[in-house]
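Data block below; observations after.
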């Protein structure tokens, strides 16, 4: 089991450009969440996808958008990049069935290694 | 608005001693609390969690304590080992409608265990 994988590992863009980051969830997982981790900060929730729909969203502008594919993989798109978008972008996958079944109030999220985005 | 706070950015402990990492939260809707551990160049790894209906949860060397009235939780590591050296994130979630999970993280505490 490869766990959660993300690509690319590193990326350098300039202001105003657009970027697409990719995530493949852990085998058997159907829910993908994206987080932004700025230097010296904890991960900040961007949004979560389940059944190809955005289910929850954090306090991020519309420049941040995403997509989930039928195979549960996901993309994070950021338009009109700003210097402040430089961060580590983390993808986490989980299994919805745990909480959909009304069981544990938390379904453990498994994180990928992240994509380091630098905006110049 | 930082809803989950870790006021100690770093902590150094001698091997074999107890490490205590602290966390405070402000959102009364949080009903589940977690600790994640992060090594450099890796994503956070889930360590231990506690539901708001409990005040203690133990898993081997790791114990999490929750004081709801004080909105405070702590992670105890006994005994501390050099391999425990990492950044520890406190996190919290509120069940919410539909059960979709939005996890709110603290800023992290860097633990160094000295051999």
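Things to note:
- Of all the listed residues (B:80, B:69, B:85), the sole one being farther than 30 Å from residue A:51 by Cα, out of contact with any strand residue (DSSP E or B) (no Cβ under 9 Å at 6 or more places or on another chain) and more than 10 Å from chain A (Cβ to nearest Cβ) is B:69.
- Every condition in (1) more than 8 Å from chain A (Cβ to nearest Cβ); (2) closer than 20 Å to residue A:40 by Cα holds for residue B:41 except the one numbered (1).
- Exclusive hit being in contact (Cβ under 8 Å) with a residue 24 or more places away in the chain, over 10 Å from the mean Cα position of the chain (by Cα) and within 30 Å of residue A:116 (Cα to Cα), set B:82, B:40: B:82
- Among the residues listed as A:21, A:81, A:88, the single one being away from chain B (no Cβ under 11 Å) and either surrounded by fewer than 15 Cβ atoms within 10 Å (Cβ to Cβ) or part of a strand (DSSP E or B) (or both): A:21
- Qualifying residue in segment B:47-61 (condition: touching a residue at least 40 places away in the same chain (Cβ under 8 Å), within 11 Å of chain A (Cβ to nearest Cβ), within 24 Å of residue A:36 (Cβ to Cβ) and under 14 Å from the mean Cα position of the chain (by Cα)): yes
- Qualifying residues in segment B:26-36 (those that are surrounded by fewer than 22 Cβ atoms within 10 Å (Cβ to Cβ) and away from chain A (no Cβ under 11 Å)) - the one modelled with the highest pLDDT: B:26
- Looking only at segment B:67-104, and only at residues there that are buried (at least 21 other Cβ atoms within 10 Å of the Cβ) and at pLDDT 95 or above, the one that is nearest to residue B:37 (Cα to Cα): B:88
- Test: residue in segment A:24-37 that is more than 14 Å from the chain's Cα centre (by Cα) and either assigned to a strand (DSSP E or B) or within 12 Å of chain B (Cβ to nearest Cβ) (or both): no
- Matching entry among A:117, A:11 (being surrounded by 21 or more Cβ atoms within 10 Å (Cβ to Cβ), more than 9 Å from every other protein chain (Cβ to nearest Cβ) and outside any loop (DSSP other than H, G, I, E, B)): A:117
- Count of residues meeting criterion [more than 16 Å from residue A:110 (Cβ to Cβ), within 14 Å of chain B (Cβ to nearest Cβ) and surrounded by 13 or more Cβ atoms within 10 Å (Cβ to Cβ)] in segment A:45-65: 8
The values are calculated or read from the model by the stated rules, or taken from the named source; none is laboratory data. Model, not experiment: these values are computed from the prediction. Ideal geometry is used to build each Cβ from the backbone, glycine not excepted, and the neighbour counts take in all protein chains shown.
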